[in-house]
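The values are calculated or read from the model by the stated rules, or taken from the named source; none is laboratory data. Predicted model, so just to flag it, every value in this text is computed and none were measured. Note: ideal-geometry Cβ built from the backbone for every residue, glycine included; neighbour counts use all protein chains shown. To get the accessible areas, we keep the full protein, side chains included, count just its heavy atoms, and leave off ligands, DNA and RNA. Shrake-Rupley method; radii C 1.70, N 1.55, O 1.52, S 1.80 Å.
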Amino acid sequence: MDRSVPLVEIWRGELLESLHRGHAVVCDGRGDIVASWGDPETVIYPRSSAKMIQGLPLLSSGAADRYGLNTEQLALACASHNGAAIHTDRVSAWLDQLGLGESDFRCGPQEPADIPARNGLILAGEEPCQIHNNCSGKHCGFLTLAQYMGAGPEYVEIDHPVQQAALAAFEETTGESSPGYGIDGCSAPNFATSLHGLARSMAWFATASARSDQQSQGAVRLVEAMMKHPDLVAGEGRACTSLMRAMGGKVAIKTGAEAVFIAILPEQQLGVALKITDGATRASECAIAAILVGLGVLDADHPATRSYLNAPILNRRGIDTGVIRATEALTHGF
């Protein structure tokens, strides 16, 4: 049974034109739910919102220190980047550091979302390659771990030591046994979890500084890298980048395909996970902004916030035709 609830509205004139339903959970450091909408036990694929979990073995294994990875590389390991030069130049340098090349990736080529990078390829008569893939930073992390382990080249296979390490980290931080996996757009396994489990994992990251084990300290480094380099986590014009900037480097957020979004709030020791059931990114961006405003970490009047929450819908002549906003249930649910 679908227990989703209305979370985001699209108004045009006086008419509610569209309605996006979904689920959202806020967890504290104990993994307990402090606020929720819809069904917290809904099972989802976290998609790219879980990249920091997939990156944990890179640090807990000692591989990141063995290769001297810096905070930019750790941020890229958690990124769904635009394929701009600031992303691809760093990915290329990381591959060089490993003594590897683009052909060692298993993520597939992707046209960059960054317009100057895309136009540059067109003008040069070149095709996009795997370095342009929005997940190439994560795959650099996978390759680093595989090389450190002395494991084989097919690092996206489910039985590969890299993916088994990712599964172990996933189940430890969510506090759940994953019921299965699907293959993500970048060819890596994506492990299913309940929305509560995903929020619990984000709260685990948010409280990691209070623990001394190597896994937790790795989590601290990943979150700090994301907050320090929001431009590398996504890119210009992206909600992850603009909203993290608006919060002054105090909160890490990450989108995932099919309208998943997470947030890690270290100062509040909270984790957030949400899923819009119809997969609309415009709705997940609006919903995460509303939750962050409700939790007191994002200014409702900040220009970045207003790009996603209570944002005017302009037509091609720049005329204000409507608004995208959170439902009262979402904005008054704290």
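Taking Cα centre as origin and charging only the Cβ of basic (Lys, Arg, +1) and acidic (Asp, Glu, -1) residues, the dipole magnitude of the chain rounds to 500 debye.
How big is the gap, in Å, between the Cα center of region 238-255 and the Cα center of region 90-118? Computed from Cα coordinates, the inter-centre distance equals 24 Å. Remark on region 1-89: Rg and Dmax equal 19.2, 60 Å (Cα only).
Carbon and sulfur together cover what percent of the accessible area of the chain at a 1.4 Å probe radius?
Here it works out to 49 percent.
Check each of the GluC sites (Glu not before Pro) in region 28-114 and keep only those in coil by DSSP with at most 16 other C-beta atoms within 10 angstrom; list them in order.
Answer by residue number: E41.
Extending 7 Å from the Cα toward the beta-carbon at both L123 and L98 defines two label points whose distance is 3.1 nm.
The trypsin sites (Lys or Arg not before Pro) found in region 255-334 that occupy coil by DSSP, while having at most 13 further C-beta atoms within 10 Å, are R316, R317. Most tightly packed first, judged by the mean number of other beta-carbon atoms within 10 Å of their residues, the peptides 179-192, 231-244 read 231-244, 179-192. Put a plus charge on the Cβ of each Lys and Arg, a minus charge on the Cβ of each Asp and Glu, and nothing anywhere else: the dipole of region 197-260 about its Cα centre is then about 140 debye.
Available extension along the chain between E14 and D32 is 2.5 nm, counting 0.36 nm per residue and deducting the alpha carbon span.
Projecting the Cα positions of A124, V223, L314 onto the charge dipole of the chain (unit charges on Cβ atoms of Lys, Arg, Asp and Glu, taken about the Cα centre) puts L314 furthest along the positive direction. What is the extension gain from T281 to R245, computed as 0.36 nm multiplied by their sequence separation minus the C-alpha to C-alpha distance, in nm to one decimal? In short, 11.0 nm is gained.
Counting other C-beta atoms within 10 Å, and keeping those with at most 15, which DSSP coil GluC sites (Glu not before Pro) do you find in region 261-334?
In loop regions of region 261-334 (DSSP not H, G, I, E or B), the sparsely surrounded GluC sites (Glu not before Pro) are E267.
Take 9-15, 224-230 and order them by the average number of nearby Cβ atoms within 10 Å per residue, most first; the result is 224-230, 9-15. Where in region 8-30 is the amide nitrogen less than 20 Å from a point lying 7 Å along the Cα-to-Cβ axis of F334? Residues 8-9, 22-30 fall inside that zone. Ligands, DNA and RNA are left out, and with a 1.4 angstrom probe the accessible area of the chain is 41 Å² per residue.
Legend note: in the chain, cysteines whose Cβ sits 4.7 Å or more from every other cysteine Cβ are C27, C78, C129, C140, C240, C286.
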